[in-house]
Amino acid sequence: MKLKSLTIAIALAATSASSFAAEKEGFFIGAFGDYYDASWENIRGTNGMNVDDSTGWGAELGYRFNDYWSARLEYADMDFDISSSDPAMTATSMDGDRLGIDGLYHINGGPFYGLFGLKQLDVSENLTFANVGAGYQHYFTDNFAFNAEAALYQGLDRGYTDVAGKLGLSYIFGKQGSSAPVEAAPTAAVVPVAVAPTDSDNDNIPDADDQCANTPMTDAVDGTGCTLYEDREVTKSLLITFPNNTSKVSEQYLDDIDKAVAFLNEHPGTEVLLEGHTSSVGKADYNKWLSKKRADAVAARLIEDGIDKERIITVGLGEERLKNEANTASAHAENRRVEAHVTVIERVKVKR
């Protein structure tokens, strides 16, 4: 029953009003009468005081962005009735105020709108509320309007659930459009002219059949005008070489390691096998150990850059897989290396 009177007022306004189309944009101001049903019982620190209904007035400043959206700042001066469970305390009243911000969505650009926002009420203490509601706005002229609202308030600091209503007037600045019907002037007979179907994004699919508007010109499309995709195998490789008899990773390969890390982060379900190798110079057992140490050194770099060690496998192959079998200094340098190859299937766009 709390909002019965306000609901009736909104319904009567809706049935009696002749509507102007929205076509509104610009700053607006407003003034309103305010009713707020608090029903806060046994307020903390007040020895049993209850905060009841409030009536007051308020003002608002806002901006209407287009037919559908607007936002506003609100101030309300409130006068709450105060009661108490203590028989010695007589009924009285308490001043308060409300500050807040609301977003408004005007349904189909018409007179009815929904609203949501945040408010701060300063009564016996500062309390924050979230609010939602609905309203009706009727423009008497292109600039002046009558407003009626009902809203539900939910306390964020306390578990209060309140209701409120507003009746007011507002004024929107600037020249505004109107949809009042205009009598059409007599026109001469027009001979129909065949018009080619519109294709706004030039993908050879008429707009009437195009389910994906504004497809990039570089993309191939299907019969509905949507981008075509295909699965394609992509391989990321890493090659790091080492000086003779060392496993230290040279600083020159840090960019290559960073690129490998980025690829692994893009494909978190993958694992990487790091294969360590040596040249044929020296004993085979020692080369086996050294090649594993090289693979582990690269793995440490990947782990340091954030790759989970569980995704990394290292193996030392020594001189078992020479890349260049010649017995020259350049061949030996080519063989002292760590290699990795990670292959994934990516879904990529098909180009025209």
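The values are calculated or read from the model by the stated rules, or taken from the named source; none is laboratory data. Worth saying up front: this structure is predicted, and the values here are computed from it rather than measured. Using ideal geometry, Cβ is built from the backbone for each residue, glycine included, and neighbour counts are taken over all protein chains shown. The accessibility values were calculated without ligands, DNA or RNA, using every heavy atom of the protein model including side chains. Shrake-Rupley method; radii C 1.70, N 1.55, O 1.52, S 1.80 Å.
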Tabulated pairs, the stretch 139-162, first at pLDDT below 90, second in a strand (DSSP E or B) and not aliphatic (A, V, I, L, M), C-beta under 6 angstrom, 6+ apart or interchain: 157/128; 160/40
Qualifying positions in the stretch 99-137 - of a type in the set (Asp, Glu) and in a strand (DSSP E or B): 102, 122
Qualifying residues in the stretch 42-76 (those that are part of a loop (DSSP other than H, G, I, E, B) and either surrounded by fewer than 14 Cβ atoms within 10 Å (Cβ to Cβ) or in contact with a Leu (Cβ under 6 Å, 6 or more places away or on another chain) (or both)) - the one modelled with the lowest pLDDT: 45
Can you tell me how many residues in the stretch 199-238 are in contact (Cβ under 8 Å) with a residue 24 or more places away in the chain, over 30 Å from residue 302 (Cα atoms) and either surrounded by 12 or more Cβ atoms within 10 Å (Cβ to Cβ) or not hydrophobic (A, V, I, L, M, F, W, C) (or both)? 9
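For the stretch 229-276: of the residues being among the charged types (D, E, K, R) and assigned to a strand (DSSP E or B), which is farthest from residue 215 (Cα to Cα)? Talk me through it step by step, then tell me what you get.
Narrowing the stretch 229-276 to residues among the charged types (D, E, K, R): 230-233, 236, 248, 251, 255-256, 258-259, 266, 271, 275.
So of that shortlist, the ones also assigned to a strand (DSSP E or B) come out as 230-233, 236, 275.
Working: 230: 17, 231: 20, 232: 21, 233: 25, 236: 30, 275: 44 Å.
Here the residue is 275.
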Does residue 18 qualify as being open to solvent by 50 Å² or more (accessible area, probe 1.4 Å), modelled with pLDDT under 90 and assigned to a strand (DSSP E or B)? no
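Report, by residue number, each residue of the stretch 324-345 that is farther than 19 Å from residue 236 by Cα and of a type outside the set (A, V, I, L, M, F, W, C). Outline the logic, then answer.
We begin by selecting, within the stretch 324-345, every residue farther than 19 Å from residue 236 by Cα; these are 324-336.
Within the stretch 324-345, 324, 325, 327, 328, 330, 332, 334, 335, 336 qualify.
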Selection status of residue 102, open to solvent by less than 50 Å² (accessible area, probe 1.4 Å), charged (D, E, K, R) and touching a Gly at 6+ places or on another chain (Cβ under 8 Å): yes
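A quick yes/no check of all residues on (1) aliphatic (A, V, I, L, M); (2) farther than 19 Å from residue 330 by Cβ; (3) open to solvent by 40 Å² or more (accessible area, probe 1.4 Å):
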site	(1), (2), (3)
240	yes, no, no
251	no, yes, yes
257	yes, yes, no
260	yes, yes, no
263	no, yes, no
273	yes, yes, yes
285	no, yes, yes
289	no, yes, yes
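Given the options 165, 174, 110, name the one that is of a type in the set (Gly, Ala, Ser), crowded, with 17+ Cβ neighbours inside 10 Å and either modelled with pLDDT of 85 or more or touching a His at 6+ places or on another chain (Cβ under 6 Å) (or both).
Exactly one residue qualifies, and that residue is 165.
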Can you name the number of the only condition in (1) touching a Lys or Arg at 6+ places or on another chain (Cβ under 9 Å); (2) at pLDDT 95 or above that residue 122 fails? (2)
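Could you say which residue among 321, 347, 301 is in contact (Cβ under 8 Å) with a residue 40 or more places away in the chain, in a loop (DSSP other than H, G, I, E, B) and among the basic types (Lys, Arg)? Even if it seems obvious, please write down each step before you answer.
Numbers: 347 fails: in a loop (DSSP other than H, G, I, E, B); 301 fails: in a loop (DSSP other than H, G, I, E, B).
The match here is 321.
Scanning the stretch 119-129 for residues that are of a type outside the set (S, T, N, Q) and loosely packed, with under 14 Cβ neighbours inside 10 Å, which turns out farthest from the chain's Cα centre (by Cα)?
125
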